[in-house]
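Every read-out reported here was derived from the displayed coordinates using simple, explicitly stated rules and does not represent laboratory data. None of these values were measured; they are calculated from a predicted model. So basically every Cβ, Gly included, is an ideal-geometry build from the backbone, and we count neighbours across all protein chains shown.
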Amino acid sequence: MSPLAIGVLIFVVTTLVLATGMPIAFGLGAVALAFMLAFDGWSSVHFVPETVFAGLNDFTLVSLPMFIIMGAAVASSRAGSDLYEALARWLHRVPGSLVISNIGACALFSALTGSSPATCAAIGKMGIPEMRRRGYDADLATGAIAAGGTLGILIPPSITMILYGIASETSIGRLFIAGILPGLMLTGLFMLWALFLSWKRGTRLVDAGRIYSLREKLELMPRLLPFVAVIVGVVYALYGGIATPSEAAGIGAALCLAMVMVLYRVWRPAQLWAILRDALRESGMLMLIIGASILFGYMMSSLQVTQAVAGSIGEMHANKWVVLFAINLLLLVAGCFLPPAAIILMTTPILLPVITAAGFDPIWFGVVLTINMELGLITPPVGLNLFVINGITPDISLPTILKGAFPFMMCMVLSIVILCVFPEIATWLPAKLMG
């Protein structure tokens with residue numbers, strides 16, 4: 001059997017195994033072991049422990065649990081509702097103001113958590129009921145939060161970008177900086193759509209006559225300062241030459257824990273244990289996925305699948321934009337069925353040689369890949385954010401949530417097109433700050 005045929009068989013079997021609901025780590029590991037035994041025999045099993053341990057023996061991975069602790073600490077407090085309320089007062093008179101406020105809150109909140117589901121849950125629990133109470137349509141309210149939550153994997157710190165950096169052996173610091181401007185651009189596109197749709201529908205708010213005084217607007221501003229302080233602290237430590245990404249993650253975790261303990265009174269042992277327990281559970285899950293995906297990548301390489309796919313695409317002599325379109329289509333389809341971590345760790349070893357051979361910047365491609373992963377979070381049948389929102393608002397049907405999220409998906413597609421036309425949006429800032 002040719003390597004390409006083996007690759008197609010691996011893709012089909014992996015998709016079927018993961019579609020059964022088996023945990024990703026166990027599914028990837030089982031497929032890798034099965035194909036190694038089938039094609040290389042029992043002798044290949046001796047390389048399994050060494051391969052997995054060598055992949056996990058990477059100091060960069062220390063940053064993962066630290067960033068997860070940041071997200072768990074912030075999500076355990078009222079930080080999301082405070083952030084949302086402060087923004088809502090300033091934008092009250094703007095069409096679609098409450099939707100825009102929620103999207104802005106998602107962007108800022110995601111800068112601390114790095115997690116899309118956590119952002120959806122924290123902002124959605126407060127924002128969706130409030131938007132519906134004040135007269136916004138259910139589809140717009142839920143779609144905006146589902147899409148705004150995806151910003152958690154684009155605006156740094158991003159767990160998805162850490163995984164891509166590990167898989168592609170590119171600078172995580174540069175990836176983080178590269179995500180800033182595209183993240184702000186995508187946030188702006190989301191806000192523009194919310195403003196346009198609210199204006200077009202003529203949404204009449206139940207408290208449209210309410211006018212907040214300057215004092216009322218300013219009294220909540222101090223609640224934004226801790227967010228800004230944590231973000232500035234992490235960014236300064238990371239890009240000021242003080243700390244590595246792993247050390248900066250530790251600084252961020254310490255600052256977030258201090259913020260929730262001092263400002264939000266989350267200091268009881270049971271509350272702190274809940275934060276550390278949740279972070280440990282998610283970190284362990286990610287480490288298992290990384291270990292299994294490393295074994296999966298080793299299997300693909302040992303069976304010559306990776307080399308055969310890259311060689312076949314290179315022999316096509318197709319225009320590089322045709323190749324990029326095909327890759328984006330592949331990522332979009334994969335995102336409908338698989339979570340971001342699995343896609344990145346499975347496909348990066350295959351796609352990176354193709355991308356670099358076509359002349360594309362790996363840092364730029366990391367941003368494009370991340371936006372594709374964002375799309376996967378709100379596309380059926382396995383759009384995680386859709387189910388998070390449905391869990392928050394069980395009285396709103398999944399088709400209604402999907403209807404509201406669809407225009408925001410188009411905003412993501414537009415952002416990918418813009419990045420293809422103007423790649424400097426992603427590459428200029430890393431080059432400016434890091435040379």
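Want the number for ALA38 to PHE53: 0.36 nm per residue separation, take away the alpha-carbon distance, what's left?
On the way: separation 15, 0.36 × 15 = 5.40 nm, distance 2.29 nm.
In short, 3.1 nm is gained.
Going by C-beta contacts inside 10 Å, put ARG133, ARG223 in order with the fewest on the left.
Working: ARG133 13, ARG223 16.
Lowest count first: ARG133, ARG223.
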Next item on the list: Take VAL45, VAL13, VAL260 and order them by how many other Cβ atoms sit within 10 Å, fewest up front.
Entry: VAL45, VAL13, VAL260
Next item on the list: Run the quick spin-label model on PHE406 and LEU214: label points 7 Å from Cα toward the beta carbon, then report their separation in nm to one decimal.
Entry: 4.6
Next item on the list: Let me know the charge dipole size of region 3-434 about its Cα centre in debye, to the nearest 20, where only the beta-carbon of Lys, Arg (+1) and Asp, Glu (-1) is charged.
Entry: 1480
Notebook entry, point to check: Tell me, what HN-Hα J-couplings in whole Hz come from the Karplus equation 6.51 cos²θ - 1.76 cosθ + 1.60 at θ = phi - 60° for each residue of region 17-33, using x for Gly and Pro?
Noted result: 5, 5, 5, 6, x, 4, x, 4, 4, 5, x, 5, x, 5, 5, 4, 5
Item checked: Inter-label distance for PHE387 and VAL45, nm, one decimal - labels placed 7 Å from Cα along Cα-to-Cβ -> 3.3
Item checked: Per-residue [θ]222 nm for the chain (sum of -39500 (n - 2.57) over DSSP H runs n ≥ 4, rounded to 500) -> -25000 deg cm²/dmol
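Cα gyration tensor of region 143-208, axes a ≥ b ≥ c as square roots of the eigenvalues: rounded (a/c below 1.5), prolate (a/b > b/c) or oblate? List each step's numbers first, then the result.
On the way: a/c = 4.22, a/b = 3.22, b/c = 1.31.
Prolate shape, in that a/c is at least 1.5 and a/b is the bigger ratio.
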Checklist line | Those lysines that a straight Cα-Cα span of less than 28 Å connects to LYS125, excepting residues fewer than 8 apart in one chain | finding: LYS200, LYS217, LYS403
Next item on the list: Report the label-to-label distance for TRP273 and ARG133 in nanometres (one decimal), using points 7 Å from each Cα along the Cα→Cβ vector.
Entry: 3.4
Next item on the list: Could you state, as a whole-number percent, how many of the C-alpha pairs of the chain are farther apart than 29 Å?
Entry: 47
Item checked: Estimated FRET transfer efficiency (MET287, ALA357; beta-carbon r; R0 30 Å; 0.05) -> 0.45
Margin query: Give the lysines reachable from LYS320 as a straight Cα distance under 30 Å; neighbours fewer than 8 places away on the same chain don't count.
Written below: LYS432
Notebook entry, point to check: Which listed residue (LEU324, ALA138, ALA72) has the Cα farthest towards the positive end of the charge dipole for region 3-434, taking +1 on Lys and Arg C-beta and -1 on Asp and Glu C-beta about the Cα centre?
Noted result: ALA138
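Using 0.36 nm times the number of residues separating PHE422 and LEU192, minus their current alpha carbon distance, what extension gain do you get?
Details: separation 230, 0.36 × 230 = 82.80 nm, distance 2.00 nm.
Length gained, PHE422 through LEU192: 80.8 nm.
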Notebook entry, point to check: Among LEU163, TRP199, LEU375, whose Cα lies farthest out toward the positive end of the dipole of the chain, if unit charges sit on the beta carbon of Lys, Arg (+1) and Asp, Glu (-1)?
Noted result: TRP199
